[in-house]
1. Of all residues in segment 349-380, which are within 22 Å of residue 392 (Cα to Cα) and surrounded by 23 or more Cβ atoms within 10 Å (Cβ to Cβ)?
2. Are there any helices (runs of 4 or more DSSP H) wholly within segment 66-171 with 2 or more residues that are at pLDDT 90 or above, and if so which?
3. Within segment 307-346, which residues are in a loop (DSSP other than H, G, I, E, B) and closer than 19 Å to residue 362 by Cα?
4. Can you pull out the residues in segment 118-150 that are surrounded by 18 or more Cβ atoms within 10 Å (Cβ to Cβ) and without any contact (Cβ under 8 Å) to a residue 12 or more places away in the chain?
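The values are calculated or read from the model by the stated rules, or taken from the named source; none is laboratory data. Every value quoted in this text rests on a predicted model; they were computed, and no experiment measured them. Ideal geometry is used to build each Cβ from the backbone, glycine not excepted, and the neighbour counts take in all protein chains shown.
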């Protein structure tokens, strides 16, 4: 699409090329200054070609944006290709610069049609480069053939009656056209590659922006799930425990007031502990006991507190020392152990709790088992976010979680974190 910015960039490129045009003839005139003083035709040649560049530069300054921005470039290229050559043709007709016997004075060889045409080669290359940058290969071929026709008109004119001069002019035109075609093809190929790379880069940038947006959305979704798991592991556990204790208080309230009072005190203590834990979770969203105690001690205290609270027979086996694990793996092991132990206390109606944490060459294994009422793993368990949370944690940590259970035969939760997720260093 031809936007105003593209027009301004094209206009700037053409102007820079025309400034080089004028500078080229100015420097060339300084080099040939001794010959210019002895040959008025050479002076007119340099002046006319410099004025051509200034004339075309003036054309670019016209209000093309109000007229037709697209029309500026083809008109300027046509002038760059034809005006210098036509100027040589006019000068040959106005001045008899060379006689039938060849040049006879100083500098006259420099104003021969062949010499003047050769001086136009850099100018024609400037027009060629502008054409290559702005158009396709077929336009480049049209530009080269157009300049060849004009060169033949200049060199093989009515003033050149010598067959040798005509043959030389035709040969010069052929060589010049071949050079323009070669340079045009090479430059066109390079421009095509640059544009293809630019398009590929823009496509890659677009894809990266889409991927970044998707990654942000995925990160937000994962963080929401993590926050949900954290709140479940703290607030939900506290409320679940309070529900059980309040039911017990209600049952003992009239029968055994002393037992009800003890349960009420325990419920208050659990409420305060749960509130503290919830505040810590909301503040850091981390298992703070891990920072203070380490994984082994944190799981041990969790199991002992649960067994004491539910009057369970505890079978505890934790490898000492455990290897130093990445934070996400440590956090996963602790939270899965916490969830599994809590389920045993509040849902299993078990007599025995077994917690095992061991590490070997294959990785780290966590096992939480009980001899309680069990359940059917194949049945759907709506609103059991704890089981889903354990599975999500295991997946994010690169581990594998399995739950084995049968009705009236207890439940076993196994979490295995493979060795590649571990750091080979002991605590």
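1. 355, 357, 364, 366, 368
2. 69-94, 121-134, 137-155
3. 319, 320, 321, 322, 324, 325, 326, listed by residue number.
4. Listed by number, the list is empty, since nothing qualifies.
Listed here are the residues, each with its yes/no results for (1) modelled with pLDDT of 90 or more; (2) farther than 27 Å from residue 224 by Cβ.
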position: 355; (1), (2): yes, yes
position: 358; (1), (2): yes, yes
position: 370; (1), (2): yes, yes
position: 385; (1), (2): no, no
position: 404; (1), (2): yes, yes
position: 409; (1), (2): no, yes
position: 415; (1), (2): yes, no
position: 421; (1), (2): no, no
